[in-house]
Each structure stands twice: as structure tokens, then as C-alpha cells.
Amino acid sequence: MATELRCPDSMPCLNQQVNSASTPSPEPQRPGDLIPDNVVGNNTPKAKPALLSSPAQSSVLGEGSPQACSSASLNLEPKCGSGNYDALAGDSLLRDSQLSSQIGAQLKLLPMNEQIRELQTIIRDKTASRGDFMFSADRLIRLVVEEGLNQLPYKECTVTTPTGYKYEGVKFEKGNCGVSIMRSGEAMEQGLRDCCRSIRIGKILIQSDEETQRAKVYYAKFPPDIYRRKVLLMYPILSTGNTVIEAVKVLIEHGVQPSVIILLSLFSTPHGAKSIIQEFPDITILTTEVHPVAPTHFGQKYFGTD
């Protein structure tokens, strides 16, 4: 579950509900403390706490300012309501509306629920056994792959049921393939094959050059007609985005247009996703979470080389 941030009583934060009818504290009042409503003999008007509906309002009537709330929020943002994604290092998750404005509509998140959060938690937990890690990773991969297939084109069809009833349904259009970026991308291949038994899968090997530290392509093998196919590009962790950028360049060299590439990922940083979309504005990125800290140990732990 996402951690709830709490602020000092004298500086309530955005969306922090304060109980104005709480029992008075037996301890002496300190400067800046709110006077409870039920203090006997006090007939003077009191500043009552208010639950804010927008970041522009003050957290206590006649008292706080947006700057005060910012300092009470562990400096997650330079000021309340800021749209600067670089300042969200302490935020657990970016929301769809923020992603659209900060990174682009091409970045899509799986609908969040407690099941996905549990899988993410196990994958990030350094004390998780390798068996639990792989089981959780495979489940999360399957969810991402299933949602990725929803991005592919379907066409309507009619089938006959065993009772002779005509059923109007849909089926995949032909012309899809997968491409995994070795090595961690290979962890996602089985999840794709579980959903599409006969799908063709290509491979790209990209490593950092020891001298220049730049991503370098060492191996690439694709279906011969990949330029006519829609591509599910698989790479579980987007950190800087450099590896994916080089992989997309190789696909473009083989005639693939960025608009037909769907990048399947489990975790992404804001910087990684934005770098890819800035380089290729037509690409689609599908992931479960955008967070400043990515679990970069994924490949080593999944394949047992950690």
C-alpha cells in the first residue's frame, strides 16, 4: 500500500483531514495550536480546519500558504500543485493525468489494483526468495502481455456454437510478432507465447561499450517480413531508456515504423519513458508503474545470477 505522508498538526498538508471535534489535549496549548471547538467558555470565533478540494486553497483558513504545505510534504515538489516530474522522487506512483501532461499520452499504465501492487512489492523486496520473485514476475508479465495484446488490431468474425447459434465475435488480425531485448527481455517471452502460441519472436542483444559506455548493438535477428508486422518489444525495466532507443533504431533500419511498436515493460522511471517518447513520439509504452527508482536487479535475480 502507498505510504501516507503526515504533516505536523500546525501545518496540515493537502488532502489531510483534521478532526475539528477531537477531545482537547490535557497538555498546555503551544503557540500556533488550533483551539478545539468544545473548549468551555471560549466564545471567540475560531479558525476551523478545512479539507481542501484543490491545491490552490490554504490548509487552514486564514493561516497556511502553498509554500507551507510544500515544506511539510517532505519537499516532494517545489510547490503545491507543481507539475515537475523531476521533483517526485518521494512519490510512490504517478497517476494517468500526470503522465499525460508530463510525459505523453503514448505512455499507458495498467489499471492499478491491490493484486498488482502486491506483485510489485514482492519483486522490489530484497528479502523475497527467488521462487517467489519469479512467480510474481511471471504473473505480472502475463498481465502486461494481455494488456499489450489489447492494443493490437482485431477484426469482427462470426462463429457457430455447438448448439448451432451464430455468435458475433472478434479475432486477431494477422501480422504480429514479438522482439525481446536480451537478456532481461527474454524473461517475457514465455508470457507472450502463453497467450500467442505460434507468434514469432526476434531478438536484439545490446550492451554498453566498455570504452565509450554507450549502448552498442551486438546481435539482431528478426522475422524476414518484420517490416509488415506490428511489434511487441519486450524489456522489463526502463531506467535511462538508452537500450530501448538503440533497439528501436535497429527496428527502424529493418523497415519497422515506430507507430507499430508497442513497448511492454514492468517498471519505468519518468526519465526513461520521457527519453524514449521524445526520441520516438509515435511509439506506445505500456507499463505497470512509473517510479523514480526502478528495480534494476530484475534480470540478475530472475535468471539466478545475482
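The values are calculated or read from the model by the stated rules, or taken from the named source; none is laboratory data. Predicted model, so just to flag it, every value in this text is computed and none were measured. No Cβ is skipped: glycine too gets one built from the backbone with ideal geometry, and neighbour counts run over all protein chains shown. Side chains are part of the model used for accessible areas, which takes the heavy atoms of the whole protein and leaves out ligands, DNA and RNA. Shrake-Rupley method; radii C 1.70, N 1.55, O 1.52, S 1.80 Å.
Yes/no matrix, rows are residues, columns are (1) outside any helix (DSSP H, G or I); (2) over 22 Å from PRO111 (Cβ atoms):
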{"residue": "GLN207", "(1), (2)": "yes, yes"}
{"residue": "GLU210", "(1), (2)": "yes, yes"}
{"residue": "LEU232", "(1), (2)": "yes, no"}
{"residue": "THR243", "(1), (2)": "no, yes"}
{"residue": "VAL248", "(1), (2)": "no, yes"}
{"residue": "LEU251", "(1), (2)": "no, yes"}
{"residue": "GLY255", "(1), (2)": "yes, yes"}
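Going through region 186-199 one residue at a time, which ones are buried (at least 19 other Cβ atoms within 10 Å of the Cβ) and modelled with pLDDT under 95?
none
In the set VAL217, VAL179, VAL144, which member is in contact with a helix residue (DSSP H, G or I) (Cβ under 6 Å, 6 or more places away or on another chain) and either closer than 22 Å to GLY304 by Cβ or open to solvent by less than 80 Å² (accessible area, probe 1.4 Å) (or both)?
Just one listed residue meets the conditions, VAL217.
Restricting attention to region 131-169, which residues are outside any helix (DSSP H, G or I), under 20 Å from ARG193 (Cα atoms) and aliphatic (A, V, I, L, M)?
As a first pass, look at region 131-169 and keep what is outside any helix (DSSP H, G or I): 151-169.
Keeping just the survivors that are under 20 Å from ARG193 (Cα atoms) gives 151-154.
Result: LEU152, single match.
Give GLY202, GLY164 a once-over and let me know the one that is surrounded by 15 or more Cβ atoms within 10 Å (Cβ to Cβ), of a type outside the set (D, E, K, R) and without any contact (Cβ under 8 Å) to a residue 60 or more places away in the chain.
Only one candidate qualifies: GLY202.
Determine whether region 186-209 contains at least one residue that is more than 22 Å from the chain's Cα centre (by Cα), basic (Lys, Arg) and closer than 20 Å to TYR302 by Cβ.
So far as region 186-209 goes, yes, one or more of its residues are more than 22 Å from the chain's Cα centre (by Cα), basic (Lys, Arg) and closer than 20 Å to TYR302 by Cβ.
Please list, ordered by first then second residue, the pairs with beta carbon atoms under 8 Å, 6 or more apart or interchain, first in region 282-306 and within 20 Å of ARG139 (Cα to Cα), second of a type in the set (Asp, Glu) and not in a loop (DSSP other than H, G, I, E, B).
LEU286/GLU147
Where residues in region 270-292 are within 18 Å of MET234 (Cβ to Cβ) and assigned to a loop (DSSP other than H, G, I, E, B), which of them is most open to solvent (accessible area, probe 1.4 Å)?
This residue is PHE280.
Among LYS221, LYS174, LYS155, which is basic (Lys, Arg) and in contact with a strand residue (DSSP E or B) (Cβ under 6 Å, 6 or more places away or on another chain)?
Going through LYS221, LYS174, LYS155 in turn, the sole match is LYS221.
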